[in-house]
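The values are calculated or read from the model by the stated rules, or taken from the named source; none is laboratory data. These numbers come from a predicted model, not from an experiment. Here the Cβ positions follow ideal geometry from the backbone for every residue, glycine too, while neighbour counts run over all protein chains shown.
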Amino acid sequence: MSGDLYSRAQAQGHEALRAALLDLAAQLLAAEGPTALTMRRIATAAGCSTTVLYRHFGAKDGISEALYQEGFDRLRRSLEAVPPSADPTAHLADLGRAYRENALTERNLYQVMFAGLIPGFAPTPEAREVAAASLEVLREAVRACAATGVFRPDADVDEVTDVIWAAAHGSITLELAGHFTARTAERRYQTLTRAAVAAFLQAPGP
């Protein structure tokens, strides 16, 4: 981790600096554990003063909150970047692939979001709203599928969304923990998410 991170990111603007500091904090957290999540440790690694961190995040709890929100913000943006499709089921599958790709790319933040990597941290209601917004992209895709009659009439959009999400998250958690090779993990992910969707599909006609 380069100590000149601060000067390089600062030249790119406020948002780039904030994102770079959060990436660094997430890397330190993953590599050294929760004890690394201090203003002094992060500032030393970034090559800046602790004043910079206080200005951006307030205090240690502010960094924890920012890491949590940044993870879900990046997830939402990655899902929103998936091009629309005339086929709602194809779009849902594309979102599933984007979800996994984001989790693997942002694995340090993903652990903060879902694995309780920061002991004692509890997201504020505002942070929970940011988290919920990322899932709304998936929920809208499920709703579009339901509107075209893909799912059974009694299928609940929230339940379908939650089950697909749970299947995706379970597979990704095992992959991040090293239980699957990358190739196997991709197959398992596809199998689980397809099975989750299939549980709600409209029965074929006679």
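Taken as a whole, the condition of being out of contact with any Asp or Glu (no Cβ under 9 Å at 6 or more places or on another chain), modelled with pLDDT of 85 or more and within 22 Å of PHE114 (Cβ to Cβ) does not apply to ALA20.
Restricting attention to segment 147-206, the residues being surrounded by 12 or more Cβ atoms within 10 Å (Cβ to Cβ), in contact (Cβ under 8 Å) with a residue 40 or more places away in the chain, part of a loop (DSSP other than H, G, I, E, B) and of a type in the set (Gly, Ala, Ser) number 1.
For residues that are over 23 Å from ARG76 (Cβ atoms) and of a type in the set (S, T, N, Q), tally how many sit in segment 159-189. Within segment 159-189, residues that are over 23 Å from ARG76 (Cβ atoms) and of a type in the set (S, T, N, Q) number 2.
Just need a number here: residues in segment 73-122 that are closer than 16 Å to PRO34 by Cβ, buried (at least 16 other Cβ atoms within 10 Å of the Cβ) and more than 12 Å from the chain's Cα centre (by Cα). Going through segment 73-122 one residue at a time, the tally reaches 3.
All but one of (1) in contact (Cβ under 8 Å) with a residue 60 or more places away in the chain; (2) not in a loop (DSSP other than H, G, I, E, B) hold for ILE118; which doesn't? Going through the list (1) in contact (Cβ under 8 Å) with a residue 60 or more places away in the chain; (2) not in a loop (DSSP other than H, G, I, E, B), ILE118 breaks only (2).
On the basis of being closer than 21 Å to THR161 by Cα and crowded, with 16+ Cβ neighbours inside 10 Å, does ARG128 make the cut?
no
The condition of being in contact (Cβ under 8 Å) with a residue 40 or more places away in the chain, aromatic (Phe, Trp, Tyr) and closer than 24 Å to GLY120 by Cβ holds for only one of TYR99, TYR68, that being TYR68.
If you go through segment 148-170 and pick out every residue that is among the charged types (D, E, K, R) and at pLDDT 95 or above, you end up with 4.
Taken across segment 132-147, residues that are among the charged types (D, E, K, R), under 14 Å from the mean Cα position of the chain (by Cα) and either under 20 Å from VAL82 (Cα atoms) or at pLDDT 95 or above (or both) do occur, with at least one present.
Considering only residues that are of a type in the set (Ser, Thr, Tyr) and crowded, with 17+ Cβ neighbours inside 10 Å, look in segment 54-72 and name the one that is nearest to ASN102 (Cα to Cα).
TYR68
Applying the set (1) surrounded by fewer than 18 Cβ atoms within 10 Å (Cβ to Cβ); (2) polar (S, T, N, Q); (3) within 14 Å of the chain's Cα centre (by Cα) to THR51 leaves exactly one unmet item: (3).
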